[in-house]
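Presented below is the structure to which this report refers.
The values are calculated or read from the model by the stated rules, or taken from the named source; none is laboratory data. Please read all numbers here as calculations on a predicted model, not as lab measurements. Cβ coordinates were reconstructed from backbone atoms using ideal geometry, including for glycine residues, and neighbour counts include every protein chain displayed.
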Amino acid sequence: MASPETRAFWIAFNHVPGIGPARLSRLLNHFGDLAAAWEADADELTRAGLDRRTVERLETTRRTLVLERVVARLERLGAHVLTWEDEGYPRLLREIPASPPVLYVRGTLTDEDTWAIAVVGTRRMTRYGAEVTRLLVSELARASLTVVSGLALGVDRQAHQVTLEHGGRTVAVLGSGIDRIYPASNRGVARRIVEQGALITDYPPGTPPDASNFPPRNRIISGLSLGTLVIEAGERSGALITARFAADQGRDVFAVPGSILSPHSRGTNRLIRDGAVPVLEANDILEALNVMPAAPRQAMQALIPDTEEESRILAVLSREPMHVDEIGQAANVDASTAAATLALMELKGLVRSTGGMTYVRAW
């Protein structure tokens, strides 16, 4: 887990334009830690793999950023920071390519949020979209799925509100700093989300809600979720970007069919034509995700691996099936021990066989 001193350097690099997951990985590989990278001179930064323009931006940020003020501002907001180094970093998000190195969080993330569904759609929601969102999200919330969305107008806000009304957990991913709720009309909803879930962003405090911020943040919405449900979307809806990210991340894509005459359903209908799972009721999603009732699921999450081999195997498994040989190699466990251990773990409910000697985590 990152110490407060170390975490400050993660925050600092998050303020440098042009330093994302790839460049930060290069710095970590070269210097070993971000404190050393922050103090390095231009020549050493170049040897670490940064181009001249990025080095100049880093030097400018070092001169102008008052890190103590940023940390104090986060404390006043009641926000905390998660990095790649933290155990509390969301497991599903950690699995995606180029996961965000830094997350700013207001509220709480829990193990329950591993069972999450993204719900997205048009800002210009029709009555049909509103009713479908209410119907499906209420059922998903009752099934104790965390609902992830983007706190935009339309389907996003409806999804958050319905989840809150039913006492469920919901996570909103912002396209701005953690201190910049957009649109302003959603501030009341945001306050309630903090009480029943979390607000999340990878943008530094003070970042305005520029249009260019929203497509990249959609990868976080899908990355936090087992699948993405698109309820209503036109041909150019940002919700379709989230669906593409979900597909690229190996996550399920669901779509609600609509009238072929409605421009608000052209995007969802085309998703279905191209292979998305059509959704007529919430059970279509629950079955596809193999979601069990909440009580047994929570009991599984309380199970603790009994041996070092079980712990190592559980650490390398995800929702993507892995062959027993691949699991053994990744966990540094010989093949026969891996097979025997997985058989016992399946009986305990820690893992699930998907056929052909492949396994996934059970939660």
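The table below lists the values:
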| read-out | value |
| --- | --- |
| Selected residue (criterion: surrounded by the most Cβ atoms within 10 Å (Cβ to Cβ)) from residues of the range 227-238 that are at pLDDT below 95 and farther than 13 Å from GLY258 by Cβ | GLY238 |
| Boolean, ARG273 is more than 18 Å from MET125 (Cα to Cα) and in contact with a Phe, Trp or Tyr (Cβ under 7 Å, 6 or more places away or on another chain) | no |
| Lone qualifier among GLY129, GLY168, GLY150, GLY154 - being closer than 12 Å to ARG192 by Cα and not aromatic (Phe, Trp, Tyr) | GLY168 |
| Selection count where residues are among the acidic types (Asp, Glu), within 18 Å of GLY223 (Cα to Cα) and surrounded by fewer than 24 Cβ atoms within 10 Å (Cβ to Cβ), scope the range 112-160 | 2 |
| Any hit, the range 226-241, residues being acidic (Asp, Glu) and in contact with a helix residue (DSSP H, G or I) (Cβ under 6 Å, 6 or more places away or on another chain) | yes |
| ALA79 outside the structural domain of LEU240 (by TED's automatic domain parsing) and either within 24 Å of ALA246 (Cα to Cα) or modelled with pLDDT of 95 or more (or both) | yes |
| Matching residues in the range 1-52 - criterion: being over 28 Å from the mean Cα position of the chain (by Cα) and surrounded by 20 or more Cβ atoms within 10 Å (Cβ to Cβ) | LEU45 |
| Any strands (runs of 3 or more DSSP E) falling wholly within the range 66-155 and containing at least 1 residues that are without any contact (Cβ under 8 Å) to a residue 60 or more places away in the chain | 79-83, 146-149 |
| Selected residue (only one of ARG94, ARG57 is in contact with a Pro (Cβ under 7 Å, 6 or more places away or on another chain) and not assigned by TED's automatic domain parsing to the domain that holds GLY250) | ARG57 |
| Test: residue in the range 276-284 that is outside the structural domain of MET125 (by TED's automatic domain parsing), more than 24 Å from the chain's Cα centre (by Cα), modelled with pLDDT of 80 or more and not hydrophobic (A, V, I, L, M, F, W, C) | no |
| Verdict on GLY107 being touching a strand residue (DSSP E or B) at 6+ places or on another chain (Cβ under 6 Å) and at positive phi | yes |
| Residue check, LEU67 modelled with pLDDT of 95 or more, surrounded by 12 or more Cβ atoms within 10 Å (Cβ to Cβ) and not hydroxyl-bearing (Ser, Thr, Tyr) | no |
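Residues are listed down the side, and each one gets a yes or a no for (1) acidic (Asp, Glu); (2) within 19 Å of the chain's Cα centre (by Cα); (3) outside any helix (DSSP H, G or I):
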site: GLY175; (1), (2), (3): no, yes, yes
site: ILE178; (1), (2), (3): no, yes, yes
site: ARG192; (1), (2), (3): no, no, no
site: ILE200; (1), (2), (3): no, yes, yes
site: PRO208; (1), (2), (3): no, no, yes
site: PHE214; (1), (2), (3): no, yes, no
site: ARG217; (1), (2), (3): no, yes, no
site: ILE220; (1), (2), (3): no, yes, no
site: THR228; (1), (2), (3): no, yes, yes
